[in-house]
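The values are calculated or read from the model by the stated rules, or taken from the named source; none is laboratory data. Note that the coordinates shown come from a computational prediction; the quantities given were computed from them, not determined experimentally. Every residue, glycine among them, receives a Cβ derived from its backbone with ideal geometry; neighbour counts consider all protein chains shown.
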Amino acid sequence: MKLQGHQLGVHTWNHPHLSDRWRHAPEIREEVRSVAEKIYEITGITATVMRPPYGAYNTTIVDIVYGEFGLDVVLWNISTKDFNHPGDTATGMKHYVEGTANTNPDSHSFIALHHDPLHGSAELAQQAINFMKKLNYTFVTVNECLGK
């Protein structure tokens, strides 16, 4: 992934619902720290973004993730909802079509949520890439998408 120019980010080690654990700051720190350190250990890259599992966050989580680790908390604006229909690429693509309807590629950007370990995820990703290319979107890192 590093060699292909992809941006790596933190998602946590155990995939907990962090906003349910807001009173347990040491747990949140460990979830973030362990992944950030492993990314650096393997790739030499310091992560700059974090997507909280389930998209669940609150001010305590932002204070820790951004304030202590310097990671931007990033969510998505297109969800394929692939976790509800693994292998059903047609339904995943329906969410792309709906999410991009009536937008101009020059004035709008998208961050899409996919879950790569699910059945059919590679096929859905390829269809999504082809679809977005036909709409004249370009593919950039999350940092570039955010203007950083």
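Answer yes or no as to whether I42 is over 15 Å from the mean Cα position of the chain (by Cα), surrounded by 18 or more Cβ atoms within 10 Å (Cβ to Cβ) and not hydroxyl-bearing (S, T, Y).
Values: over 15 Å from the mean Cα position of the chain (by Cα): yes; surrounded by 18 or more Cβ atoms within 10 Å (Cβ to Cβ): no; not hydroxyl-bearing (S, T, Y): yes.
No: the conditions fail for I42.
Mind counting the residues in the stretch 109-136 that are on the phi < 0 side of the Ramachandran plot and either modelled with pLDDT under 90 or in contact with a helix residue (DSSP H, G or I) (Cβ under 7 Å, 6 or more places away or on another chain) (or both)? Before you say what the answer is, go through the steps one by one.
Going residue by residue through the stretch 109-136, those that are on the phi < 0 side of the Ramachandran plot are 109-119, 121-135.
Next cut, either modelled with pLDDT under 90 or in contact with a helix residue (DSSP H, G or I) (Cβ under 7 Å, 6 or more places away or on another chain) (or both) only: 109-112, 114-119, 121, 123-124, 127-128, 131, 135.
Number of matching residues: 17.
Which one of these does H15 not meet: (1) more than 15 Å from the chain's Cα centre (by Cα); (2) not small (G, A, S); (3) not in a helix (DSSP H, G or I)?
(1) is the only condition that H15 fails.
Filter the stretch 8-56 down to the residues that are free of Cβ contacts under 8 Å to residues at least 12 places away in the same chain and of a type in the set (S, T, N, Q) and list them by number.
The answer is T46, and nothing else.
Give N102, N58, N84 a once-over and let me know the one that is closer than 16 Å to T12 by Cα and of a type in the set (S, T, N, Q). Steps first, answer last, please.
Working: N102 fails: closer than 16 Å to T12 by Cα; N84 fails: closer than 16 Å to T12 by Cα.
Criteria check complete, one pass: N58.
If K2 satisfies every condition in (1) closer than 25 Å to I78 by Cα; (2) surrounded by 15 or more Cβ atoms within 10 Å (Cβ to Cβ); (3) among the basic types (K, R) but one, which is the exception?
With respect to (1) closer than 25 Å to I78 by Cα; (2) surrounded by 15 or more Cβ atoms within 10 Å (Cβ to Cβ); (3) among the basic types (K, R), K2 is out only on (2).
Quick one: which residue in F69, F83 is aromatic (F, W, Y), surrounded by fewer than 16 Cβ atoms within 10 Å (Cβ to Cβ), in contact (Cβ under 8 Å) with a residue 12 or more places away in the chain and farther than 24 Å from K133 by Cβ?
Details: F69 fails: surrounded by fewer than 16 Cβ atoms within 10 Å (Cβ to Cβ).
Checking each option against the conditions leaves just F83.
Would a scan of the stretch 129-136 turn up a residue that is basic (K, R), more than 20 Å from M1 (Cα to Cα) and exposed (fewer than 13 other Cβ atoms within 10 Å of the Cβ)? Before the answer, list the steps.
Here is the first cut: in the stretch 129-136, the residues basic (K, R) are 133-134.
Filter again for more than 20 Å from M1 (Cα to Cα), leaving 133-134.
If we keep only those that are exposed (fewer than 13 other Cβ atoms within 10 Å of the Cβ) too, we end up with 133-134.
Taking every residue of the stretch 129-136 in turn, at least one turns out to be basic (K, R), more than 20 Å from M1 (Cα to Cα) and exposed (fewer than 13 other Cβ atoms within 10 Å of the Cβ).
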